[in-house]
Amino acid sequence: MPQENYVIEMRHITKAFGEFKANDNINLQVKKGEIHALLGENGAGKSTLMNILSGLLEPTSGDILLNGQKVVINGPTAANRLGIGMVHQHFMLVDAFTVAENIILGSEPTKVGVLNQKSAIAEIEKVSEHYNLAVDPKAYVRDISVGMQQRVEILKTLYRGADILIFDEPTAVLTPQEIDELIEIMHGLIKEGKSIILITHKLDEIKKVADRCTVIRRGKSIETVNVKDVSSQQLADMMVGRSVSFKTEKQPAKPKEVVLAVEGLTVKENRGLEAVKNLSLEVRAGEVLGIAGIDGNGQSELVQAITGLRKVESGTVTIKGENMTNFKPRKVTEEGVGHVPEDRHKYGLVLEMTLAENMALQTYYQEPNSKNGILNYGNLNEHARELIEEYDVRTVNEIVPAKALSGGNQQKAIIAREMDRDPDLLIVAQPTRGLDVGAIEYIHKRLIEQRNKDKAVLLVSFELDEILNVSDRIAVIHAGQIVGIVNASETSENELGLMMAGYSLEEARQELAKVEVGGSDE
């Protein structure tokens with residue numbers, strides 16, 4: 001095929017950071033009007049490669065061709081001029097600005113040196129209508145949903161005239177409904193003649209939207225395939241370099257004594273409204289209790305209340321028989337509770353600190369990590385190296401700042417820290433958000449290991465397949481209340497989905513029975 005058919009060609013791209021090669025002689029060819037997936041494990045070098053294409057990094061060696069012509073992209077402005085725009089995984093938006101101000105930032109229309117807000121809003125409305133991306137230009141970014149913030153990011157690139165859009169893990173923080181909307185948006189953009197590069201490790205998404213897929217492993221390009229010609233299993237194996245199992249093997253649970261008892265719990269959210277309403281549940285040693293629910297139904301507030309991060313208005317939290325209601329977070333962790341928080345950047349890590357320091361955040365004040373208030377860095381760093389090895393955290397070394405790691409490796413570091421303390425109760429919220437299949441398989445095995453060691457595990461996840469795969473029992477939460485608790489082996493995604501929408505267990509089963517009866521009549 002002649003090269004003119006490629007809108008983008010990246011030839012023999014290498015990007016070295018000191019001795020470490022994030023990209024090692026990578027080749028990528030993207031056709032005009034296609035959705036081209038870039039698939040790889042966390043830390044495989046996908047984002048680095050796209051940061052080169054979008055001008056945030058310069059390659060150590062290699063060439064970039066746009067429509068067959070060699071180009072130099074020495075900054076984001078140069079990328080914008082060439083019609084390349086990137087929608088980042090962690091949105092680059094200013095919370096205190098309006099949607100319109102965020103979109104025009106850096107490309108402000110002026111009239112005699114004064115910002116012409118009216119013309120900017122008119123242009124944004126025109127672009128958003130044309131691409132069917134409804135936004136309110138006057139709304140403040142801090143007040144809009146995550147899905148809407150992503151639309152703003154997409155509009156930002158279109159407003160600057162992008163023809164090639166790079167989406168970096170675009171569904172990592174979206175609800176299932178928002179993911180469906182995004183897929184529609186992407187198909188709409190392709191119809192308009194745009195080309196899309198999709199960085200992801202979600203195989204079902206690739207199968208749904210992508211035409212072709214380039215697999216990257218440990219910084220090297222492995223193969224480019226037509227998506228319709230390969231199975232999800234083949235893609236997963238190519239990405240990880242071995243056979244990957246999607247199903248976690250486990251024996252039936254043997255639950256023992258109650259480790260966590262929550263009774264009549266009421267907790268308020270930030271605006272002072274009740275997010276958790278008179279909720280009760282128990283988690284026993286030797287079981288995984290999964291909490292299934294649509295985002296925003298009180299899961300976050302429940303976990304924060306149990307771990308001491310949010311005030312309990314009424315009700316009790318009992319851990320190992322001791323009333324721990326409204327205890328400070330340190331007291332809760334010292335009582336034998338491990339917590340993998342849902343937002344790894346906000347609650348899980350101090351991004352500027354080293355990986356070793358982050359791995360000691362729960363134990364730095366205890367011997368042998370410190371004595372008389374003085375940190376023993378030799379011990380801290382050595383222990384971090386052991387955890388990096390054991391939990392397969394991909395990093396240059398233990399003294400790089402946490403922000404230098406890929407999202408998946410940041411997550412592995414938090415899980416290593418929490419499991420290393422051997423807690424009696426492990427609370428994990430969205431443990432595999434933004435992780436690739438290899439890392440997901442690994443973390444699920446670790447959770448089952450904890451349960452097999454007679455630990456109590458409370459798993460909160462929006463991923464139904466994860467809940468069904470790992471849990472022994474599943475509590476469904478809706479509007480801050482538990483609407484039903486079922487055995488994982490005796491339920492289905494459809495049943496859980498109806499309960500997540502507010503049906504009781506009995507009502508959900510009646511609905512599904514009606515569907516089955518209707519289906520058999522045809």
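The values are calculated or read from the model by the stated rules, or taken from the named source; none is laboratory data. Note that the coordinates shown come from a computational prediction; the quantities given were computed from them, not determined experimentally. Cβ coordinates were reconstructed from backbone atoms using ideal geometry, including for glycine residues, and neighbour counts include every protein chain displayed. In case anyone asks, the SASA skips ligands and DNA or RNA and just uses the protein heavy atoms, side chains included. Shrake-Rupley method; radii C 1.70, N 1.55, O 1.52, S 1.80 Å.
Between ASN5 and GLU192, what is the spin-label point distance in nm, taking each point 7 Å from the Cα along the Cα→C-beta axis?
Placing both labels 7 Å beyond Cα along the Cβ direction yields 2.6 nm.
With charges set only on the Cβ (+1 for Lys and Arg, -1 for Asp and Glu), what does the dipole of segment 101-256 come to about its Cα centre, in debye to the nearest 20?
700
Give the aspartates and glutamates whose C-alpha is closer than 13 Å to that of LYS118, dropping any in the same chain fewer than 8 places away, or say none.
Excluding near neighbours in sequence, the set is GLU101, GLU108.
Only helical DSSP H runs with n ≥ 4 go in: add -39500 (n - 2.57) per run for the chain, normalise by residue count and round the 222 nm mean residue ellipticity to 500 deg cm²/dmol.
On the way: 17 runs with 175 residues, N = 522.
About -10000 deg cm²/dmol.
Roughly speaking, what is the stretch gain from LYS403 to THR77, that is 0.36 nm per residue apart minus the C-alpha to C-alpha distance, in nm to one decimal?
The LYS403-THR77 span can extend by a further 114.9 nm.
Per residue, how many Å² of accessible area does segment 373-443 show with a 1.4 Å probe?
Numbers: 2600 Å² over 71 residues.
Normalised by residue count, the accessible surface of segment 373-443 is 37 Å².
Determine which lysines satisfy two conditions relative to LYS31: a Cα distance under 25 Å, and not lying fewer than 8 residues away in the same chain.
LYS15, LYS46, LYS70, LYS156, LYS191, LYS194, LYS202, LYS207, LYS208, LYS220, LYS228
Determine the share of the chain's accessible area contributed by carbon and sulfur atoms, expressed in whole percent, with a 1.4 angstrom probe.
Values: 11530 of 23840 Å².
Percent of accessible area from carbon and sulfur atoms in the chain: 48.
Just grab the label-to-label distance for ILE183 and ASP422, each label 7 Å out from Cα along the Cβ direction, in nm (one decimal).
4.6
Taking the Cα centre as origin and putting +1 on Lys and Arg beta-carbons and -1 on Asp and Glu beta-carbons, what dipole magnitude results for segment 263-412, to the nearest 20 debye?
About 400 debye.
Once you have the Cα-Cα distance between LYS70 and HIS12, take 0.36 nm times their residue separation minus that, and quote the gain in nm to one decimal.
Value of the extension gain: 19.6 nm.
Order HIS88, HIS187, HIS201, HIS12, most accessible first, counting only protein heavy atoms with a 1.4 angstrom probe.
Most to least solvent-accessible, the answer reads HIS12, HIS187, HIS88, HIS201.
For a quick check: with amide H placed at 1.01 Å from N, whose amide H comes under 5 Å from ARG284's, ignoring anything fewer than 5 positions away on the same chain?
Those qualifying (amide H under 5 Å, at least 5 residues apart or on another chain) are VAL259.
Among ILE52, ASN5, LEU28, which residue has its Cα furthest toward the positive end of the charge dipole of segment 1-105, with +1 on Lys/Arg Cβ and -1 on Asp/Glu Cβ?
Highest projection toward the positive end goes to ASN5.
To the nearest 20 debye, what is the magnitude of the charge dipole of the chain about its Cα centre, counting +1 on the Cβ of each Lys and Arg and -1 on the Cβ of each Asp and Glu?
Dipole of the chain, to the nearest 20 debye: 1260 debye.
Run the quick spin-label model on LYS331 and SER489: label points 7 Å from Cα toward the beta carbon, then report their separation in nm to one decimal.
4.0
Whole number in Å², please: accessible area per residue of segment 195-251, 1.4 Å probe, ligands, DNA and RNA not counted.
Here the per-residue accessible area is 48 Å².
Which FRET efficiency value, to the nearest 0.05, do you get for GLU449 and ASP143 by plugging their Cβ-Cβ distance into 1/(1 + (r/R0)^6) with R0 = 41 Å?
Values: r = 42 Å, r/R0 = 1.03.
So, using R0 = 41 Å, E works out to roughly 0.45.
Going from most exposed to least, what order do ARG242, ARG217, ARG151 have by accessible area with a 1.4 Å probe? Before the final figure, lay out each step's value.
Working: ARG242 110, ARG217 70, ARG151 35 Å².
Putting ARG242, ARG217, ARG151 in descending order of accessible area: ARG242, ARG217, ARG151.
Identify which of the listed values of semi-axes √(5λ) of the Cα gyration tensor in Å was calculated from the structure shown: (i) 47, 34, 21; (ii) 42, 25, 21; (iii) 39, 28, 25.
(iii)
As I understand it, the value is the acute angle between the Cα axis of helix 505-521 and the longest principal axis of the Cα atoms of the chain; what does it come to in degrees, rounded to 10?
It works out to around 60 degrees.
Taking Cα atoms, how many degrees apart are the long axis of helix 176-191 and the longest axis of the chain, rounded to 10 and kept between 0 and 90?
Helix 176-191 sits at roughly 10 degrees to that axis.
With r defined as the distance between the Cβ atoms of GLU352 and GLU506 and R0 fixed at 45 Å, what FRET efficiency is calculated, to the nearest 0.05? Spell out each step's value before the answer.
Numbers: r = 52 Å, r/R0 = 1.15.
The computed FRET efficiency comes out at 0.30.
Mind checking the angle between helix 437-452 and the chain's longest principal axis? C-alpha axes, 0 to 90 degrees, to the nearest 10.
Tilt of helix 437-452: around 10 degrees.
Cut-off under 22 Å on the C-alpha distance; same-chain residues fewer than 8 positions from LYS254 excluded. Which lysines are left, in chain and number order?
Leaving aside lysines fewer than 8 places away in the same chain, those within reach of LYS254 are LYS320, LYS445, LYS453, LYS455.
Please check which bits of segment 467-495 a label hung off VAL515 would reach, taking the label as a point 7 Å along Cα-to-C-beta and the cut-off as backbone N under 11 Å.
Within reach of a label on VAL515, which here means backbone N under 11 Å from a point 7 Å along Cα→Cβ, segment 467-495 contributes 492-495.
How much FRET efficiency would the formula 1/(1 + (r/R0)^6) give for ASN278 and PHE246, where r is the Cβ-Cβ distance and R0 is 45 Å, rounded to 0.05?
0.75
Ordering SER370, SER243 by accessible area with a probe of 1.4 Å, largest first, what comes out?
Final ranking, largest accessible area leading: SER243, SER370.
How much solvent-accessible surface does ILE199 expose, in Å² to the nearest 10, with a 1.4 Å probe and all protein chains in place?
Its heavy atoms expose roughly 0 Å² to the probe.
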